[in-house]
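For reference, the structure discussed in these notes is given below.
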Amino acid sequence: VKFDVVIVGSGVGGYPAALYLADKGFKIAVVEEHLVGGECTNYGCVPTKAFYHFAESVKFIEKISGQVYYKWIDLVEWVKNIVRESREGLEYLLQAREVTLLRGKGILAGPGRVVVEASNGKSSVECNSVILALGTDPADIPIARFDGVGVISNREALYLQEKPSRVLIIGGGVVGVELANIYSSLGVDVTIVEILEHILPFTDRDIALALKTHLAQRGVRVLEKTSVIGVEKKGSFYHAKLSSGEVLEVEKIIVAVGRRPKTSGVGLENIGVKLDEKGYIIVGENMETNVKNIYAAGDVVGGPLLAHKAILESLVAARSIVKEDVFKVDYKLVPLTIFTGLEVASLGYTEKELNAVGVKYLKFRIPVYFLSAVKIKGYKNAFVKIIVDESRERVLGIHLVAPNASEVISAYLPLYLGKLGVKEASRIPYPHLTISESLRDIAEYILGEPIHTIIKK
Ligand SMILES: Cc1cc2nc3c(=O)[nH]c(=O)nc-3n(C[C@H](O)[C@H](O)[C@H](O)COP(=O)(O)OP(=O)(O)OC[C@H]3O[C@@H](n4cnc5c(N)ncnc54)[C@H](O)[C@@H]3O)c2cc1C
């Protein structure tokens, strides 16, 4: 069978291109070896955010009026249903656009030829172009190898049939802190172990510190500059020996130390697709690899492993194939988002990055607990920080550490893009009673005319 384009992988790096190209009249096949929607739909964004929504609600009600009664299994079933609905929605979209879904593992057999290995045999398809949207697998470490039961990744952690009593999370990156926040909010005893100086090491120190304080307030033990040096299974528990000498007895160990690109065993060497030193596929701005007509998009090309980045890359790859209205992904516009009650959303440069390259800047930081919208949600440590260049005209970085930050960051985007001046922002009636009002407050503060913030003289 001959297709115009074969897309290997149906996650957020793959399916948007399929839908776009099919709409343009191209004959498309998507090869998927597991579940349509990939990590985001099945084991990442969707189930974590469903759990998160539930956990925040429980935590909030408990704060106001005592214990909430619910059955863990009902929660897991509800999460499963949300995930199933999302997945089926994608399957429907693919079907409605007449995209052929080939179940099995896609392997590049040569230029314009993809072999599909399924449990019931092999088949081969021809095509003009290929998009590789292979994604990543969770990585484990020699001291804690996944066993699918007690030493697990996000894939199992979001579908546990029973609520664990004690959990150790190895790795204080985004996945680690999001899972720690969810579990601790639901009453699980959680310890995070981070080998580096602080959790969320890619963020500024004050963001990491605010999150550490927040997690501690939720009852999470955050052990930084600590590693796990031994794991032993003892009955239904695991004993984890830490570099500090402490031994933790836990039911589950969630390894959240990072991801590995799924680039081996898929025939990339058959046609010479180049990888970087970490195994990610190297692409140009149009998402084409070093091999003509072979494109790649999403987590498999590295950079921030985020769904909104993957979606755009997928569309860039599709447009490059159509050769129509091609744009470049502006990676500095990809917000980092961390969903932890007291959320983090960052755009642009951090102080750490600017210091590293010696760029001079000014920073403006205001606490935003005075906003009733923040007060109602109850996050005393919430703040907004804007980094501007010395002329105060160019915004270099925006960092929100506040409830709903992941939504509110979009309100800040025009400021970052230079499409909205600080003065203009100070005159916009952002809707009351929302956290987006913080934008007017910080704009007033930058202008030296704050209404709600006291400037100490
Ligand atoms: C716990 C967790 C929470 C997350 N939450 C968020 C969030 O809230 N917001 C956000 O922006 N991002 C989030 N992410 C990141 C997001 O999930 C990824 O950025 C996104 O899944 C990347 O999409 P992708 O299509 O590139 O890769 P994947 O989602 O990994 O999809 C790759 C697909 O390709 C298939 N595949 C791979 N190789 C082959 C092959 N050879 N043949 C056939 N099929 C193949 C795989 O089965 C898979 O379905 C989260 C990640 C995790 C782990």
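The values are calculated or read from the model by the stated rules, or taken from the named source; none is laboratory data. In this text, all values refer to a predicted model and were calculated from it rather than measured experimentally. All Cβ positions, even for glycine, are placed from backbone atoms using ideal geometry, and neighbour counts span all protein chains on display. Accessible surface areas use protein heavy atoms only, side chains included; no ligands, DNA or RNA. Shrake-Rupley method; radii C 1.70, N 1.55, O 1.52, S 1.80 Å.
How much of the accessible area of the stretch 269-323, in percent, comes from carbon and sulfur atoms when a 1.4 Å probe is used?
Numbers: 1280 of 2440 Å².
With neighbouring chains kept in place, the figure for the stretch 269-323 is 52 percent.
Which Cys residues of the chain have no other Cys Cβ less than 4.7 Å away and so no disulfide-compatible partner by this rule?
Cysteines of the chain left without a disulfide-compatible partner: 127.
Rounded to whole Å and sorted largest first, what semi-axes of the equivalent ellipsoid does the C-alpha gyration tensor of the stretch 168-293 yield via the square root of 5 times each eigenvalue?
Equivalent ellipsoid of the stretch 168-293: 35, 19, 13 Å, largest first.
Quick one: net charge around residue 220, please, counting Lys, Arg +1 and Asp, Glu -1 for every other residue with C-beta under 11 Å from its C-beta. Walk me through the numbers before you get to the answer.
Numbers: positive: 212, 218, 221; negative: 189.
Neighbourhood net charge equals +2.
Take the cross-link list 122/309; 225/352; 49/328; 105/274; 63/385; 332/419 and give me the ones stretching past 24 Å between alpha-carbons.
Over 24 Å Cα-Cα: 122/309; 49/328; 63/385.
Based on alpha-carbon centroids, what's the gap between the stretch 224-257 and the stretch 1-53 in Å, whole number please?
If we compute the Cα centre of each part, the gap is 36 Å.
When the accessible area of the stretch 1-96 is split by element with a 1.4 Å probe, what percent falls to carbon and sulfur?
56
With the full set of protein chains in place, find how many percent of the accessible area of the stretch 391-435 is carbon and sulfur; take the probe as 1.4 Å.
Working: 1220 of 2330 Å².
Of all accessible area on the stretch 391-435, carbon and sulfur atoms account for 52 percent.
How charged is the neighbourhood of residue 371? Take every other residue with its Cβ under 11 Å from the Cβ of residue 371, and add Lys/Arg as +1 and Asp/Glu as -1.
With Lys, Arg at +1 and Asp, Glu at -1, the neighbours total +1.
How many Å² of accessible area per residue for the chain, probe 1.4 Å?
With all protein chains present, the chain gives 46 Å² per residue.
Need the full-extension length gain, residue 413 to residue 229, defined as separation in residues times 0.36 nm minus the C-alpha distance. One decimal, nm. Display every interim value, and only then the final one.
Working: separation 184, 0.36 × 184 = 66.24 nm, distance 4.33 nm.
Separation in residues times 0.36 nm, less the Cα-Cα distance, equals 61.9 nm.
What shape does the chain have by the C-alpha gyration tensor, where a ≥ b ≥ c are the square roots of the eigenvalues, rounded means a/c under 1.5, and otherwise prolate means a/b greater than b/c and oblate the rest?
oblate
If one computes P(r) from the Cα atoms of the stretch 1-154, what percent of pairs lie at distances over 26 Å?
Every Cα pair in the stretch 1-154 considered, those over 26 Å come to 41 percent.
Sticking with the crude label model, points 7 Å out along Cα→Cβ, report the distance from residue 103 to residue 424 in nm, one decimal please.
Inter-label distance under the simple model: 5.2 nm.
Which net charge results when you count Lys and Arg as +1 and Asp and Glu as -1 among the other residues whose beta-carbon is under 9 Å from that of residue 42?
Result for the local shell: +1.
Can you give me the relative contact order of the stretch 350-457 as a percent, contacts being Cα pairs under 8 Å and 6 or more apart?
Here the relative contact order equals 22 percent.
Between residue 155 and residue 363, what is the label-point separation in nm under the 7 Å Cα-to-beta-carbon projection?
Here the modelled spin labels are 3.9 nm apart.
What percent do you get for the relative contact order of the stretch 11-169 when only Cα pairs under 8 Å and 6+ apart count?
It comes to 28 percent, rounded to a whole number.
Roughly what % of Cα-Cα distances in the stretch 267-390 sit above 18 Å, to the whole percent?
When every Cα pair of the stretch 267-390 is considered, 66 percent fall beyond 18 Å.
If you take the Cα atoms of the stretch 98-243, find Rg, then find the Kirkwood Rh from the mean of 1/r over all pairs, what is Rg/Rh? Mind dumping the intermediate values first?
Values: Rg = 20.4 Å, Rh = 18.2 Å.
My calculation puts Rg/Rh at 1.12.
Quick one: compute the contact order of the stretch 1-105, relative version, from alpha carbon pairs under 8 angstrom and 6+ residues apart, as a percent.
Rounded, it is 37 percent for the stretch 1-105.
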